[in-house]
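Data first, discussion second: the structure below is written as structure tokens.
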Amino acid sequence: MPYWGIYSAIGSMEGDDFAEDRIRAVAKIKALKDKAPPHERRYAEAILAREVSGANHKKEYERILELLVHEYPDDVDAKLFLALSKMSGYDLKLNPREGTMYAEYLLRDVLKSHPDNAGAHHYWIHLKENCCPEEALESCEKLPKLGPASSHLVHMPGHVYYKLGEYQKAFDTFKASVAVDSVYMKKQNIQEVDAWNYIHNINYLLANCAEDGRYATALYYAEKLQNMPASKERKRKYEGRFFYQGILAPVKMEICFGHYDRAAQRLKAILPTDSLYSVKAMAYKDGLYYFSAGMDAIKRNKIEEAQKLVDALDATLWRNVNQFSEADIINSRRVNDLNVASLELQGLIKNAQGHTKEAIALLEKAKVKEEELGYSEPPSYARPVLISLGEVQLQAKNYDQAIKAYMDLLHKHPNSANGLWGLYKVYRKKGDSTKAKEYADLLARICRYGDKSLYPL
């Protein structure tokens, strides 16, 4: 079992620092399996099944875990490992995918028999945060008390509070997790770039700050990530963690707040010094720059400039996907993000040209493509397309459609300052002072700790 533990711990790590240790662990598991007690042997068989390449390795791993649960019904860990493997989330209509209900009943069973099991509460939050976060509130209350020195367990309730629009509670949760991580990193002499939860947690905190207008706070934390110390070797090894979640953190934060000019300036300043960043990282950076600069050009009514920039974005995407070597191609998730960005920018260009109908059609398409990105923690597309769609409908005096866009935004992001601000503007323009005041009061309450200049009432 010690080798099983080594293997499992290494499996979740980015980079190849412990690749040889993983190989040794697998070899030891193979060598010791036949002499192990039957219970341990099952765990060894499960790991070895997962190691085998091929389409059925996950199914075989789960089949052996099912045998463990059947043969050792009191083995809580086996149930949790099986639940984790079976969890597959929900489709775009929030219907459970295959395996999700199986996982739910396993977790219900564990929570009933072991109500203080931290793993069960952790997985329950993940299971429920997207479809029905209110069902995870009890776990949110319990989990930090069960693991107060574990930054990730302290962090997890923030997922639910963010989804429910309880941004102050989410902020307090993410901030508490930063404090726990800081103590851990100092005591253990761990670099920030090696502390996965620290980076993930602050990225969530930034998304949360964008919902209730905490620009100065977001800037402070984003620059902490941007300025993480790391050697060249570390930067290359942890590209995903360091570049996309660190170097680009202030950029994404500026986009969240609609400060496209600042985002473009920050992107322009990122240079491939000494080939420090990969080709695909720089290609993604370039695409994000063309989008940000194009959105800023629209704000300045520089339509021709915006058109050139969206063309450059599309050309960058096409060349990267069709002409670059496989190792240098931007991953599909980020390509899809940039495709949504292209559609959004195209829609706003059409609107600026006076082609409202075409603009709305493009923005509706962008909205669907954004939804098809699926659930991510936090959202990968920094600023919802619904904000642009609502603004275009408002400019066209399509008040009912503008209200629908902003209400849809509030459905996805309850109590979002952007949604409340949009509805305030619609009702003010309609001349409905009662409804305008209702949303102004809500906005003032939600943004009481935020930057008041973002939403001038």
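Quick note: the coordinates plus some simple rules give every number you see, no bench work behind them. Not measured: the values here are computed from a predicted model. Cβ: placed from backbone, ideal geometry, glycine included. Neighbour counts: every protein chain shown.
A few comments on the model shown:
- Over all pairs of different C-alpha atoms, the stretch 121-251 has a mean inverse distance whose reciprocal, the Kirkwood radius, equals 15.0 Å.
- Using alpha-carbon coordinates, inclination of helix 433-446 to the longest axis of the chain, degrees: 40 degrees
- Neighbour-count order for K252, K59, fewest beta carbons within 10 angstrom listed first: K59, K252
- Here the Karplus relation 6.51 cos²θ - 1.76 cosθ + 1.60, evaluated at θ = phi - 60°, turns the backbone of the stretch 95-101 into coupling constants of 8, x, 7, 4, x, 5, 5 Hz, with x for every Gly and Pro.
- For the chain, the convex hull drawn through the C-alpha positions has a volume of 159 cubic angstrom per residue.
- Gained length - R108 relative to S325, 0.36 nm times residue gap less alpha-carbon distance: 73.4 nm
- By the beta-carbon count within 10 Å of each Cβ, the least crowded to most crowded order of W124, W4, fewest first, is W4, W124.
- Of the trypsin sites (Lys or Arg not before Pro) found in the stretch 408-457, the ones in coil according to DSSP and having at most 14 other Cβ atoms within 10 Å of their Cβ are R448.
- Estimated [θ] at 222 nm from DSSP helical runs (n ≥ 4, -39500 (n - 2.57)) normalised by residues in the chain, nearest 500: -22000 deg cm²/dmol
- Of all lysines in the structure, those lying under 23 Å Cα to Cα from K268, and not within fewer than 8 positions of it along the same chain, are K224, K232, K235, K252, K280, K285, K299, K302, K308.
- Helix 2-11 vs. the chain, principal-axis angle (Cα, 0 to 90°, nearest 10): 20 degrees
- Pairs of C-alpha atoms in the stretch 56-166 farther apart than 23 Å represent 29 percent of all such pairs.
- Label-reachable residues, the stretch 5-30, where backbone N falls under 19 Å from a point 7 Å from S231's Cα toward its Cβ: 14-21
- Euclidean distance between Cα centres, the stretch 149-165 to the stretch 307-370, Å: 33 Å
- Pair K59, Q265: separation of 7 Å Cα→Cβ label points (nm): 5.6 nm
- Between the amide H of Y90 and those of R97, distances stay under 5 Å, these residues lying 5 or more places away or on another chain, with hydrogens modeled in the peptide plane.
- Given in Å, the Rg to one decimal and the Dmax to the nearest whole number for the Cα atoms of the stretch 258-383 are 14.6, 47.
- Given their separation in residues at 0.36 nm each and the Cα-Cα distance between them, R24 and K308 gain 96.8 nm when the chain is fully extended.
- Proximal charge balance of T356 [Cβ under 11 Å; K/R count +1, D/E count -1]: +2
- On Cα atoms only, tilt of 196-211 relative to the major axis of the chain in degrees: 30 degrees
- q = 0.23, 0.24 Å⁻¹: log10 I(q)/I(0) that the Debye formula gives for the stretch 384-457, counting C-alpha atoms only: -1.01, -1.09
- R0 of 30 Å, Cβ-Cβ distance Q168-E135: FRET efficiency to nearest 0.05: 0.90
- Exposure proxy ranking, count of Cβ atoms within 10 Å, fewest first, for Y162, Y105, Y61: Y105, Y61, Y162
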